[in-house]
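Bear in mind that the values in this text are calculations on the coordinates, not laboratory data. The model shown is predicted, which means the values in this text are computed figures rather than measured ones. Cβ coordinates were reconstructed from backbone atoms using ideal geometry, including for glycine residues, and neighbour counts include every protein chain displayed.
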């Protein structure tokens, strides 16, 4: 069930929304193999009237299952949007879609969560990567012009 707020209730008084939203409801169509969401989104929001709009503010938390982009080690990343805000216009060209006096907050949540997903997840900021790969990189950088390199073969050519 999507996260919705009843406009009539908000017009009467401030409404508090607190709970969990299954990750399937968010429809996060993320093609990144290193970042997956499986646990529900936790939210604590307040909705209130602000002129001809509804202002929704609060906190969002989502725990992601990630793999380090350098060493492929699995780890959890806790994504927090501590000051999340959405402005739902009730009039004009950007009017929020209403169905039976309910405004669906899910598309607004989805958009901001997708923007906050880690693009290059790392288990630690100073992750050195795969152990064997790090050793190979050190030995290659130590002797870049040895006789068996491609440059040495090109230098042998006579024109």
(request) Identify which of 41, 90, 64 has the largest mean-square fluctuation in a Gaussian network model of the chain, with springs joining Cα atoms closer than 10 Å. (result) 90
(request) Quote the relative contact order of the stretch 4-127 in percent (integer), defining contacts as alpha-carbon pairs under 8 Å separated by 6+ residues. (result) 27 percent
(request) Against the globular-protein guess of 2.2 N^0.38 Å, express the Cα radius of gyration of the stretch 46-92 as a ratio, rounded to two decimals. (result) 1.81
(message) If I take R0 = 41 Å and measure r between the Cβ atoms of residue 128 and residue 154 in this structure, what FRET efficiency does the formula 1/(1 + (r/R0)^6) give, to the nearest 0.05?
(response) 0.80
(request) Answer with a single label: of [x] 52, 18, 12; [y] 21, 18, 17; [z] 34, 16, 13, which was calculated as semi-axes √(5λ) of the Cα gyration tensor in Å from the structure in view? (result) [x]
(request) Considering only 125, 47, 24, give the residue with the highest GNM mean-square fluctuation for the chain, with springs between Cα atoms whenever their separation is below 10 Å. (result) 125
(request) Among 104, 126, 65, determine the one that fluctuates most according to a GNM of the chain built with springs between C-alpha atoms less than 10 Å apart. (result) 126
(request) Describe numerically, in nm with one decimal, the distance between label points set 7 Å from Cα along Cα→Cβ at residue 20 and at residue 55. (result) 3.1 nm
(request) On a C-alpha basis, how far is the centre of the stretch 1-58 from the centre of the stretch 87-119 in Å? Whole number, if you could? (result) 9 Å
(request) Describe numerically, in nm with one decimal, the distance between label points set 7 Å from Cα along Cα→Cβ at residue 32 and at residue 94. (result) 2.6 nm
(request) Mind pulling the angle between the C-alpha long axis of helix 106-116 and the longest principal axis of the chain? Nearest 10 degrees, somewhere in 0 to 90. (result) 30 degrees
